[in-house]
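Here's the structure we're looking at; comments come further down.
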Amino acid sequence: MDEVEAWGTAIADLCLGGGRLLVAGNGGSAAEAQHLTAELVGRFETERRPLSALALHAETSSLTAITNDYGADQAFARQVRAHGRAGDMLLLLSTSGESTNLVAAAAAARELGVATLALTGPGPNALATACDRAALVPAPRSATIQEIHLLAVHVLCRAVDARVAEVSAAGLGVAYDGVPVRGVADLARRALGGIASIRQEPTR
């Protein structure tokens, strides 16, 4: 779960810098993705500021209109193009890793400079290949994969809470390679350099 913890830190830094997390999934994965956004916009275990997170599959009028007019494969990609900005992040959940609407969303995000993360089942799979970073669950049953994905969501949320608390307590800003980030536009120029490179630095 170290990879997922790193995602949580990166997502916290992104949102504290004015960016947004977009998430999507199908079926049970949609429910888990929406559970994640509820924890970020609301709260997980500790009190903190609300963070900007949007579940694309929960936009039912947009989802059905896009599916009707453009086809099911574009259900999430068109929303990514509407809501995503360079420097934002897109997290996609899939037990199979082969959902064409999620792969299309990852491709749209790449065009915009939106970082892409995937939680999937066994690899190799198309979604993991399409995303910048992926955490794969090598389990044979969808139910088992979803159970582990739920654990991953909670690990991610705990990492978000810890990072927000750390930043708040220390009066820190978000920085990459020692250079303080000044808002989401500045964040965009650094976010795709590697999630693991994010670290804290005092603001001036």
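The values are calculated or read from the model by the stated rules, or taken from the named source; none is laboratory data. These numbers were taken from a predicted model, which means no experiment stands behind them. Ideal geometry is used to build each Cβ from the backbone, glycine not excepted, and the neighbour counts take in all protein chains shown. Please note that ligands, DNA and RNA were not included when accessible areas were found on the heavy atoms of the full protein model with its side chains. Shrake-Rupley method; radii C 1.70, N 1.55, O 1.52, S 1.80 Å.
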- [ ] Grab the Cα-Cα distance for residue 46 and residue 168, subtract it from 0.36 nm times how many residues apart they are, and report the gain in nm with one decimal.
- [x] 42.7 nm
Task: segment 91-152 - convex hull of the alpha-carbon atoms, volume per residue in Å³ - done: 64
Task: Neighbour cut-off at most 11 other Cβ (10 Å), DSSP loop, trypsin sites (Lys or Arg not before Pro), segment 97-158 - done: 141
Open item on the list: Given a 1.4 angstrom probe, I'd like the percentage of the accessible area of segment 19-101 that is carbon and sulfur, rounded to a whole number.
Closed with: 48
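Tell me, what is the percent relative contact order of segment 1-117, built from C-alpha pairs under 8 Å that lie six or more residues apart?
On the way: 173 pairs, mean separation 32.4, N = 117.
Reported relative contact order: 28 percent.
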Open item on the list: Order 63-70, 76-83, 16-23, 88-95 from most to least packed using the mean count of other Cβ atoms within 10 Å.
Closed with: 88-95, 16-23, 76-83, 63-70
Open item on the list: Counting heavy atoms of the protein chains only and a 1.4 Å probe, report the per residue accessible area for segment 1-83 as a whole number of Å².
Closed with: 44
